[in-house]
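Taking it in order: structure first as structure tokens, then the write-up.
The values are calculated or read from the model by the stated rules, or taken from the named source; none is laboratory data. None of the values given here were measured: they were computed from a predicted structure. Using ideal geometry, Cβ is built from the backbone for each residue, glycine included, and neighbour counts are taken over all protein chains shown.
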Amino acid sequence: MLFIFAFIISLVATMILIPPVMKWADKIGAIDIPDERKVHTQAIPRVGGIAMVAGSVISILLLAELDQQIIAILVGFLVIWGFGLWDDKCNLNYKIKFLGQLLAVVIVVTWGDVVVRFFPFTNGYLADYFAIPLTIFALVGITNAINLSDGLDGLAGGTSLITVSIIALLAFDANGEMVVIISMAVAGSILGFLRHNTYPARLFMGDTGSQFLGFSLGVLVIILSQTVNSAMSPLIPLLILGLPILDTMAVMGQRLYERRSPFSPDKNHIHHKLLSIGFDHYEAVFIIYLLQSALIAAAYFMLYESDALLLLIYLTISVIVLGFFHYARVLKWKIHDNEISKFSLLKSLIHNLRKNGWLTTVPTFILKVLVPALLVTSAMFAVDVQVDMAVLAVLLLIMMFSSLMINADGIGGIEKAVIYIVSVMAVYLLPVNQSGLDNYNLFNMLFLILAMAFALRVRFSNERTFQVTTLDYLVIILVIIVPNLPEVHLEDSVFGEMAIRLVILFYASEAVIGLQQVSKWNLMRIGTLGALSIVVFRGF
């Protein structure tokens, strides 16, 4: 459960910090202005990394045992944070950027003993005079690789989230508690940021965020492969971080071939090449996610295979990827060179569905009906309703009727609070295993449908019925409260399932509140009152 708390605390802290740092961006000049090599067309704040680093550090400080290695990593994070913020404000020369990266890397290598001592194709233990420079080079390299891959909305954050998740899983399997805590903290900060960074983005992570991700991924994968599970092949990190490394090497190789500086900006990254052959933004990001996932899957299932086989797999995938782009350029091939050049195949389908109203009316109907239905059925199917829960329901009913008397035509703050508390009660009352409920799988399916309806509604509706507010953060705080409810003893897996259900129901409830028409008796009110009445009846 400690690992989930690391994720939640970082997520909450990041989400809370993002709105104020976005307002601060203009004052410090941390605004990303479009130019000829950038995809976006409007000025966008690039301060998301400030909140990400802060969220991760807060979580680690609260939950991790602060030994010398942890302290060195945290100091490295702060160095990256400082130089990254400086770069986002002033667009530093690459030499100064390298200086900051080098300083952070030297701290974790020399003070934190994050060193590559097991090297591919060797059976020995590398001496420090070779291992330390090699580690410094590798960490600076991966820090820049993630930094350079940050070119599309959600790209660097999404691929890093996939990567840090596999690191956490492998560390958990090998009892590497410290690596899991840091990985989950980083994952929470990424997810908190991605809500503002999915296309079209309202916020960029900036060099602060991308360098932080590259640095943290490099540090974590080295500790995982060199200390936590040294039995795995030392080439596993190459697969885990494979796509950013391939992208960086290919881009710099092309720049050197063209007799340009390897640090000169251009549009030769993988995501640029995908856009150039006709894939739209969504498709390009999705394809890169798939490529990164394929490399990570190979790493997961081939942890203990020979170095030669792993290198062959990586080289094969690299040749296929680079060869595809080479022949696409030579043949001037376009994936969408047809009558819908304005829209890709995926975008054309979405456009038609949206034009016909299917992507808004259907999800809206599902949300309005399914949320109150889940509140009522959770109370009906609850295995056991305690007296203290019934007492709470009575108090909530009093609050609800008082709110109706004061503000019958709109949902006020008191009524909103009642709805959110009832959502928590609904998740608490529903069993979280098959033995506790015959219709367990049906309820899981309903939550999945609810999540899909919410995602479609938020993504494709032009109505401002769901906005980022402080209520968004409450859901995660409530997740922490749930396991402390009376007579609950939760395993990590059960807690995770309850957390997912709570997140889905909380956000769906918030969306439905925004969708309600001015009416005294709407479905949400009826469902909330019905659920509370059933709890009172069954509890007493």
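The table that follows gives values for the structure above.
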read-out	value
Unique residue being buried (at least 20 other Cβ atoms within 10 Å of the Cβ), within 29 Å of Val12 (Cα to Cα) and β-branched (Val, Ile, Thr) when the list is Val75, Val108	Val108
Pair list, Cβ under 7 Å, 6 or more apart: segment 220-245 residue assigned by TED's automatic domain parsing to the domain that holds Ala297, other residue among the hydroxyl-bearing types (Ser, Thr, Tyr) and surrounded by fewer than 22 Cβ atoms within 10 Å (Cβ to Cβ)	Ala231/Tyr304; Met232/Tyr304; Ser233/Tyr304; Leu238/Tyr314; Leu239/Tyr314; Gly242/Tyr314
Checking Leu256 against (1) within 21 Å of Ile296 (Cα to Cα); (2) touching a Pro at 6+ places or on another chain (Cβ under 7 Å), the condition it does not meet	(1)
Members of segment 266-310 that are of a type in the set (Phe, Trp, Tyr), out of contact with any Gly (no Cβ under 7 Å at 6 or more places or on another chain) and within 19 Å of Ile245 (Cβ to Cβ)	Tyr300
Whichever residue in segment 288-328 is assigned to a helix (DSSP H, G or I) and polar (S, T, N, Q) and, among such residues, is surrounded by the fewest Cβ atoms within 10 Å (Cβ to Cβ)	Thr316
Unmet requirement for Ile223, which otherwise passes all of (1) over 19 Å from the mean Cα position of the chain (by Cα); (2) at pLDDT below 90	(2)
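Here is a yes/no grid of residues against (1) within 34 Å of the chain's Cα centre (by Cα); (2) modelled with pLDDT under 65; (3) buried (at least 20 other Cβ atoms within 10 Å of the Cβ); (4) not in a helix (DSSP H, G or I):
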residue: Ser402; (1), (2), (3), (4): no, no, no, no
residue: Met405; (1), (2), (3), (4): no, no, no, no
residue: Ala408; (1), (2), (3), (4): no, yes, no, yes
residue: Ile411; (1), (2), (3), (4): yes, yes, yes, yes
residue: Lys416; (1), (2), (3), (4): yes, no, no, no
residue: Ser423; (1), (2), (3), (4): yes, no, yes, no
residue: Val427; (1), (2), (3), (4): yes, no, yes, no
residue: Asp438; (1), (2), (3), (4): yes, yes, no, yes
